[in-house]
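The values are calculated or read from the model by the stated rules, or taken from the named source; none is laboratory data. From a predicted model like this one, the values you see are computed outputs, not experimental measurements. With ideal geometry, Cβ positions are generated from the backbone for all residues, glycine too; neighbour counts draw on all protein chains shown. Quick note on the areas: whole protein, heavy atoms, side chains included, nothing else; ligands and nucleic acids left out. Shrake-Rupley method; radii C 1.70, N 1.55, O 1.52, S 1.80 Å.
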Amino acid sequence: MAFIDEWKKLRPIEKRKLTNKPLQLPLSCELCYLNESLNHDDGGLLRGGGSRRRKTPTAEISHPLPSNAAWRKVNLYGGHGRKEKLYLQGWSDMDEPLCKLCQTPCKGNNAKVPQFFEDLFCSLDCFEEYRSRTSNRFLREGLFQVERGICTNCQLDCHQLVNHLRPLSVEMRRAYIMKVAPIIAKRDKLLEKLVHDPAEGNAWHADHIIPVYKGGGECKLENMRTLCVACHADVTTAQNAERRIARNKAKKQLKDTMTSLINVVKQSAKTDLVQGCDSKFPSNDLDDDLLIEIPGSAYSGGGVNTTKEQNEEQELLTKSSSENICSGSGEAPGLFTATKDAKNWETPVVLQDLHVW
């Protein structure tokens, strides 16, 4: 009974993975072991360690072409009345067609004259992987074959709902949805869309368990689940809110980083400006060297640092020298020297370093 209870709680995809395998309770441990084995052997469910693209471009999905092979155009003959389709396929120099995915030789009966698209692959596994990674429609069809359109969240049978709505009139459809699927009836846009067009795509969606923006793109069915349109809208709203918070946080971090960088640049510019001024005007010693020493002048280099007593002494010496000159007395040794043969006062008299006429 414990095995049956656990088995009923599993998703259809999980049941398919455990089919034809020796099992023991708890089944959750068996699933974990199987997932680890799959991730180790096949490089993970998400190719390349995670992708943010919903599907792989056809130009990138194929393995590199061997050196002894070249691309050829291949026409598919699907039967009478069907239009021929043109595809590119690698062919070796031994005239062997190569698989479109893994580039190994195709050994099928229709390998050289393919009639269907799967004839271009070496095995059914390569065909399913190629289609699931390049076609959203194929992925949805494969998911429907496993889960039959039943929402994994609210357990609403969307496929059966669509089948019941199609033969009904518009008014009866609206009443039936409100009775059977009230979660959809609460959303006016989803309700009107399903009432006027009761299609599978308006009733349920194939949702990524690991979101594409977190690296869940280019995946297989293991990362897909069936959700009704109402549950899928709720999940999308929550993911948008999460992404909005992440964007705002990233913007704030970027703003703080730019502000700190601007402050560093401004501080560096101020430092360079101060250093530049110091290099142009290094010190006052150079100014003192350029000043001419004139006794009694406040602008002379020596007079700037002269003490008060020295200034008074200099004034007294200058006054006594002026009195001797005016009275015509003898020479004042050390103050000035006059020529004895001088006949007039036009002869220059030297007073220390000052010339007087």
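Any idea which residue in region 82-139 is modelled with the highest pLDDT, counting only those that are in contact with a Cys (Cβ under 9 Å, 6 or more places away or on another chain) and among the basic types (Lys, Arg)?
Residue satisfying both the conditions and the ranking: LYS100.
Evaluate the following for GLN115: is it part of a loop (DSSP other than H, G, I, E, B), of a type in the set (S, T, N, Q) and in contact (Cβ under 8 Å) with a residue 24 or more places away in the chain?
Yes.
Out of region 178-187, which residues are of a type in the set (Gly, Ala, Ser) and not in a helix (DSSP H, G or I)?
ALA181
Quick check on region 121-129. Is at least one of its residues in a loop (DSSP other than H, G, I, E, B), open to solvent by less than 60 Å² (accessible area, probe 1.4 Å) and aromatic (Phe, Trp, Tyr)?
yes
Go through region 142-179 and report how many residues are basic (Lys, Arg) and open to solvent by less than 60 Å² (accessible area, probe 1.4 Å).
Counting residues in region 142-179 that are basic (Lys, Arg) and open to solvent by less than 60 Å² (accessible area, probe 1.4 Å) gives 2.
Select from region 222-251 the residues that are closer than 30 Å to GLU129 by Cβ, open to solvent by 30 Å² or more (accessible area, probe 1.4 Å) and among the aliphatic types (A, V, I, L, M) and list them in ascending order.
Listed by number, the list holds a single entry, VAL235.
If you scan region 191-204, which residues turn out to be surrounded by 21 or more Cβ atoms within 10 Å (Cβ to Cβ), in a helix (DSSP H, G or I) and in contact (Cβ under 8 Å) with a residue 40 or more places away in the chain?
none
Any chance region 107-115 includes a residue that's in contact with a helix residue (DSSP H, G or I) (Cβ under 9 Å, 6 or more places away or on another chain), of a type in the set (Gly, Ala, Ser), open to solvent by less than 40 Å² (accessible area, probe 1.4 Å) and within 30 Å of CYS228 (Cβ to Cβ)?
No, region 107-115 has no match at all.
Quick one: in region 221-247, of everything that is modelled with pLDDT under 90 and part of a helix (DSSP H, G or I), which residue is nearest to the chain's Cα centre (by Cα)?
Per the criteria, the residue is ASN223.
Yes or no, residue by residue, for (1) in a strand (DSSP E or B); (2) in contact with a Leu (Cβ under 7 Å, 6 or more places away or on another chain); (3) more than 27 Å from THR56 (Cβ to Cβ):
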position	(1), (2), (3)
GLY142	no, yes, no
GLN155	no, no, yes
HIS159	no, no, yes
PRO167	no, no, yes
TYR176	no, yes, yes
LYS189	no, no, yes
ALA206	yes, yes, no
TYR213	no, no, no
CYS219	no, yes, no
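Consider ASP42 against the criteria (1) open to solvent by 90 Å² or more (accessible area, probe 1.4 Å); (2) modelled with pLDDT under 85: it satisfies all of them except one. Which criterion is unmet?
So the condition that ASP42 fails would be (1).
Would you be able to tell me the number of residues in region 54-74 that are modelled with pLDDT of 85 or more, open to solvent by 60 Å² or more (accessible area, probe 1.4 Å) and either within 17 Å of TYR130 (Cα to Cα) or not in a loop (DSSP other than H, G, I, E, B) (or both)?
5
Quick test for you: out of GLN155, GLN145, GLN160, pick the one residue that is at positive phi and free of Cβ contacts under 8 Å to residues at least 24 places away in the same chain.
GLN155
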